[in-house]
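Asker: Below: one structure in structure tokens.
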Amino acid sequence: MTKKYQRVIAVLAVFLFAAQLLYMGLENRPEEEELVVERPIRIWYTDPDIQPYMEASAAEASARYQVEVYAELVSEVDYIEKISERSVAEEMTGPDVYVTSSALLEKAVLAGLAVPVKDQGLSGTYSEKAVQAATYAGEVVARPFYIETCFMLYNRYYVDPEQVPQNIEGILTYAENFETDALTERVENIFKWNVADVIDDYMFLGAYTDLGGPNGDDKGQVSMDLEQITACMNYYQSLNGFFAIDADTVTSEEVIREFIDGKTVFTIVNVPMLAELDRAVAEGEIPEYPTERTVTGEDGEEYTETVSYDPFYQIAPLPPLTDMLDSRGLSVTNSVVVNPYSSNVKAAEDCARYLTQERAGRLYEEAKKLTACKSLLGAGKSGAETSGTEGQGVVMGYRSLYDRLPGGSEGGAAGQGPSGAYLTVYEAYEAAAEVPKIMELSNMWLQLEVALADIWRGEDAGEEMAGFMELLQAQLD
């Protein structure tokens, strides 16, 4: 064989070897990842108030992710049970994503219906309080969505903002000194709230009650300071003698309507009631107040003072009861959970993130809900916003969010978005105790409602609360 042929054979051998290596590499190469959706993404929720937001979000998510997304309003009765049943059936017809309150997260996790949230930087998107509300057994299992809590309102035409009572005892002093004039002639109630609503009433025992620790999931941290709570309940009962609110007929609708009409000076409300107040302001349902009033100066001389407040109300945190007895409200954080039985968990996670974070700035405008997300589009707090105490940093983070919402900055149009005053609602939320996740306590609210109603009507506060504590303990044992 000549040297020429030897060189040709060597070159062919090299090519054959290279071709073999290439074939083996192609054969063993992993397939390219594709976003394959076997069926549309279904989102379940139970609150009809958020229907406009959910339907708009589903439509926009469909266009954004090129995936069919449907939002479905379902009954809250046996909610987790229905999700489980539909998810484990031969044909999965349950939701890929669902909205639930923090109170149901333990049940969801124990049923195997929650995909842990592994996103980095959750603390830059939500406050520590909101993340705790979505945490079970040390793991974040949902994305905080929107918040609910209670706080105080007062009419600025009736109360000097510089002299707002520091506690409920101060409101009683205000009532004793109250005088009717041309400005206050509409007033029928000094202080009124829905005493039939256990969530509103919780403030009277919340400071001395622990329902499961910071995450609300620890049975070992369920406790009540009976001595302090009895003192609080006796004080609560005494208020019936001052304000005579009929627990059998009072409603939240009546309470906020009377405040809107200028009939009430101080009230305790929640976020939906505040949204109704915003609607009334936007639609011009607020009565006209005198623009001037006569006051007596320190020198005894009378002079005319101009009066004009826009808005006419002010939001304040829940007041303590007295100088010796504190208060603490209750909060509910509604979250979005990804179902591990989804045929496409990745697409479901994208939709959950879109609902709770990327589109969260439209929640108030479309559903009158206050988002739990404090940094839209992943924008965290700036250095200036995190200065000062931790609590102040949290509130400034919310300010950064609401300055970017429609109507959210100071002076924004009423009814379009929450004003700067809503930052006080977030202060109340951060200070409140979250409803517990412990399944054994799921019916405690009905029991507490009965006990509070009995106390309001005159039953022995110590006996009622001791009986309530025994029921709690029996359920945990």
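The values are calculated or read from the model by the stated rules, or taken from the named source; none is laboratory data. Every value quoted in this text rests on a predicted model; they were computed, and no experiment measured them. As a convention, Cβ positions derive from the backbone with ideal geometry for all residues, glycine included, and neighbour counts pool all protein chains shown. Surface accessibility is based on the protein's heavy atoms, side chains included, excluding ligands, DNA and RNA. Shrake-Rupley method; radii C 1.70, N 1.55, O 1.52, S 1.80 Å.
Asker: In a shell of Cβ-Cβ distance under 13 Å around E185, excluding E185 itself, what net charge do Lys and Arg (+1) and Asp and Glu (-1) give? The partial results should precede the final answer.
Answerer: Working: positive: R186, K263, R293; negative: E179, D181, E188, D261, E288.
Local charge sum for E185: -2.
Asker: Still on this structure, I have one more. FRET efficiency for D323 and D225, Cβ-Cβ distance as r, R0 = 25 Å, nearest 0.05?
Answerer: 0.90
Asker: Considering segment 165-229, what Rg and Dmax in Å follow from its alpha-carbon atoms?
Answerer: Rg, Dmax (Cα atoms, Å): 17.7, 56.
Asker: Also, quick follow-up: Given a Förster distance of 35 angstrom, what is the FRET efficiency for L73 paired with D261, based on the Cβ-Cβ distance and rounded to 0.05? Please report the intermediate quantities before stating the final value.
Answerer: Numbers: r = 32 Å, r/R0 = 0.93.
Computed FRET efficiency for L73 and D261: 0.60.
Asker: Could you derive backbone 3J(HN,Hα) for segment 270-275 from the dihedral phi with the Karplus parameters 6.51, -1.76 and 1.60 (θ = phi - 60°), listing whole Hz in sequence and x where the residue is Gly or Pro?
Answerer: Per-residue couplings from phi come out as 10, 5, x, 5, 5, 5 Hz.
Asker: Tell me the chymotrypsin sites (Phe, Trp or Tyr not before Pro) within segment 263-369 that lie in a loop according to DSSP and have at most 14 other beta-carbon atoms within 10 Å. Intermediate results must be reported in sequence, preceding the final value.
Answerer: Details: sites: F266, Y303, Y309, F312, Y313, Y341, Y354, Y364; in loops: Y309, F312, Y341.
Taking segment 263-369 and a limit of 14 other Cβ atoms within 10 Å, the loop chymotrypsin sites (Phe, Trp or Tyr not before Pro) found are Y309.
Asker: List every residue whose amide H lies under 5 Å from the amide H of E434, counting only residues 5 or more places away in sequence or on a different chain, with H placed 1.01 Å from N in the peptide plane.
Answerer: Under 5 Å from the amide H of E434 lie the amide H atoms of S331, each far enough along the sequence or on another chain.
Asker: Give me the Debye-computed log₁₀ of I(q)/I(0) at q = 0.23 Å⁻¹ for segment 117-206, equal point scatterers on Cα only, no solvent, two decimals.
Answerer: Here the Debye-derived log intensity ratios amount to -1.18.
Asker: Between Q314 and D477, how many nm apart are label points set 7 Å from Cα along the C-beta direction?
Answerer: Placing both labels 7 Å along Cα→Cβ, they lie 5.0 nm apart.
Asker: Go through segment 126-235 and name the GluC sites (Glu not before Pro) that are in a DSSP coil and have 12 or fewer other Cβ atoms within 10 Å of their Cβ.
Answerer: Working: sites: E128, E139, E148, E162, E169, E176, E179, E185, E188, E227; in loops: E179, E185, E188.
Qualifying residues, ordered by number: E179, E185, E188.
Asker: What whole-number volume per residue, in cubic angstrom, does the convex hull of the C-alpha atoms of segment 149-307 give?
Answerer: Values: hull volume 23.7 nm³, N = 159.
In segment 149-307, the Cα convex hull volume per residue is 149 Å³.
Asker: Tell me, what is the Rg over Rh of segment 233-302, with Rh the Kirkwood radius over Cα pairs? Before the final figure, lay out the partial values.
Answerer: Details: Rg = 16.8 Å, Rh = 15.0 Å.
Using Cα coordinates only, the ratio equals 1.12.
Asker: How many angstrom lie between the C-alpha centres of segment 102-148 and segment 423-463?
Answerer: 22 Å
Asker: Moving to a separate point now. Given a Förster radius of 22 Å and the C-beta distance between K346 and R64 as r, what FRET efficiency does 1/(1 + (r/R0)^6) yield to the nearest 0.05?
Answerer: On the way: r = 14 Å, r/R0 = 0.65.
Approximately 0.95, to the nearest 0.05.
Asker: I'd like the accessible area for S327, computed on protein heavy atoms only with a 1.4 Å probe and all protein chains in place. Round to 10 Å², please.
Answerer: Here the accessible area works out near 20 Å².
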